[in-house]
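Student: Structure in C-alpha cells, see below.
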Amino acid sequence: MTDAITFAIGDVHGCSHKLEALLAACESVIAGRQARLILVGDYVDRGPDAKGVIDLLMEKQLRDPERFVCLRGNHDQMLIAAADEGRSDGDLMNWWANGGEQTLDSYGVGDPSEIPEEHLAWIRNLPLEMSDGKRLYVHAGVRPGIPVAEQNEHDLLWIREPFLSSQSDHGVFVVHGHTPTKTGLPDLRPNRLNVDTGACFGRRLTAAMFSDRQHGPVMFLNDLGQAWRPRTKS
C-alpha cells in the first residue's frame, strides 16, 4: 500500500443517491488499498436531499475521519449565514434565491435556523482547503499571483475570474469545483482541474482519482460507474 490514491469529488448539491453510487464506485476501485476521499464542498441547495447528503457524510467521517475530508463550499457558507441568529435579511434572501428552498424541504422545516444544530455545527467546522503536497483542494479556486498561504476566504469559496482563465502556475496544482462545466465532464487544464460536472442539473457526479506519483489525475469516475482517462486542455 505504498502508492496511496485520492479521489476528489465534485459539488454534490443534495444529490444523495448520486453520492451513494459514486462512493460505491470509488470503493470498488480502491479495493482495499490505502485511499482518501476529498469532497470540494456544496453539499446543500438545488438538489432534493441535502439532509441525506449531510447525514451520509457525517456518518462516513465518524467511522473513518482520516479517510473522508469534506471542504466547505459557498452554498454551505450561505446556509450557515442564513441560519445564524445575527443574520440579515440579505443573508436569508441570498441563500433562498440560490436553492435554499430545496434544502428546507429536505429537512421538513420552514426556516434555516430550524435545521438540526449538529448539521449546522458540522458545516461551520468544515475546512476551506487541504493540501496533500502535490495538490491544493479548494471549493472555488485561488487568486492568481497571491501565494497559497495568503489566499482569503472569499476567494477560496467564490472566485471564478480571473482564476478560471488564468494560465499561471499557482505554485501547486489546484483541484476545485464551484463552476459547473458546460460539457458535464471534468475540465482539466495544466494548472488546475474542475470536478463540478453539474450533478444537480441532471448531469453526473464525478470523482477524479490521483496517485502519489504525479500531480494530475490518472482517471475519472462517475456515479454510473463509468471510468475514463484524462485529456488535458491547453
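Student: With the requirement that a residue be open to solvent by less than 10 Å² (accessible area, probe 1.4 Å), outside any helix (DSSP H, G or I) and either over 16 Å from R229 (Cβ atoms) or at pLDDT below 95 (or both), what does the stretch 198-208 give you?
Tutor: Residues satisfying the conditions are G198, L205.
Student: Let me ask something else about it. Is it fair to say D3 is open to solvent by 10 Å² or more (accessible area, probe 1.4 Å), more than 20 Å from the chain's Cα centre (by Cα) and either within 20 Å of G184 (Cα to Cα) or among the charged types (D, E, K, R) (or both)?
Tutor: yes
Student: Going through the stretch 200-234 one residue at a time, which ones are in contact (Cβ under 8 Å) with a residue 60 or more places away in the chain, in contact with a Ser or Thr (Cβ under 9 Å, 6 or more places away or on another chain) and under 22 Å from R46 (Cβ atoms)?
Tutor: Passing the criteria: R204, L205, T206, A208, N222, D223.
Student: While we're looking at this one, here's another question. Could you tell me which residue of the stretch 25-36 is nearest to Q214 (Cα to Cα), considering only residues that are free of Cβ contacts under 8 Å to residues at least 60 places away in the same chain and aliphatic (A, V, I, L, M)?
Tutor: In this case the residue turns out to be A35.
Student: Okay, next question. Out of the residues in the stretch 126-177 that are β-branched (V, I, T) and either touching a Phe, Trp or Tyr at 6+ places or on another chain (Cβ under 8 Å) or in a strand (DSSP E or B) (or both), state the one that is farthest from T206 (Cα to Cα).
Tutor: The residue in question is V142.
Student: State which residue is farthest from M78 (Cα to Cα) when the search covers only the stretch 24-56 and only residues that are open to solvent by less than 10 Å² (accessible area, probe 1.4 Å), touching a helix residue (DSSP H, G or I) at 6+ places or on another chain (Cβ under 8 Å) and outside any loop (DSSP other than H, G, I, E, B).
Tutor: Looking at the filtered set, the residue picked out is L37.
Student: If you don't mind, there's one more thing I want to ask. For the structure I just gave you, tell me whether G184 is open to solvent by less than 30 Å² (accessible area, probe 1.4 Å), more than 15 Å from the chain's Cα centre (by Cα), among the small types (G, A, S) and modelled with pLDDT of 95 or more.
Tutor: For G184, the condition - open to solvent by less than 30 Å² (accessible area, probe 1.4 Å), more than 15 Å from the chain's Cα centre (by Cα), among the small types (G, A, S) and modelled with pLDDT of 95 or more - is met.
Student: Return the total of residues in the stretch 92-109 being open to solvent by less than 60 Å² (accessible area, probe 1.4 Å) and over 11 Å from D45 (Cβ atoms).
Tutor: Within the stretch 92-109, residues that are open to solvent by less than 60 Å² (accessible area, probe 1.4 Å) and over 11 Å from D45 (Cβ atoms) number 3.
Student: Just to be sure before I move on: is D11 of a type in the set (D, E), buried (at least 24 other Cβ atoms within 10 Å of the Cβ) and touching a residue at least 60 places away in the same chain (Cβ under 8 Å) in the structure I sent?
Tutor: yes
Student: Go through (1) of a type outside the set (D, E, K, R); (2) touching a strand residue (DSSP E or B) at 6+ places or on another chain (Cβ under 6 Å); (3) surrounded by fewer than 17 Cβ atoms within 10 Å (Cβ to Cβ) and name the single condition L126 misses.
Tutor: Failed condition: (3).
Student: Which of the residues spanning the stretch 146-179 are of a type outside the set (G, A, S), farther than 18 Å from R72 by Cβ, surrounded by 12 or more Cβ atoms within 10 Å (Cβ to Cβ) and touching a residue at least 12 places away in the same chain (Cβ under 8 Å)?
Tutor: P162, L164, H170, V172, F173 - these are the residues of the stretch 146-179 that are of a type outside the set (G, A, S), farther than 18 Å from R72 by Cβ, surrounded by 12 or more Cβ atoms within 10 Å (Cβ to Cβ) and touching a residue at least 12 places away in the same chain (Cβ under 8 Å).
The values are calculated or read from the model by the stated rules, or taken from the named source; none is laboratory data. Keep in mind that what you see is a predicted model, and the values were worked out from it rather than measured. All Cβ positions, even for glycine, are placed from backbone atoms using ideal geometry, and neighbour counts span all protein chains on display. For accessibility, only protein heavy atoms count, side chains too; no ligands or nucleic acids. Shrake-Rupley method; radii C 1.70, N 1.55, O 1.52, S 1.80 Å.
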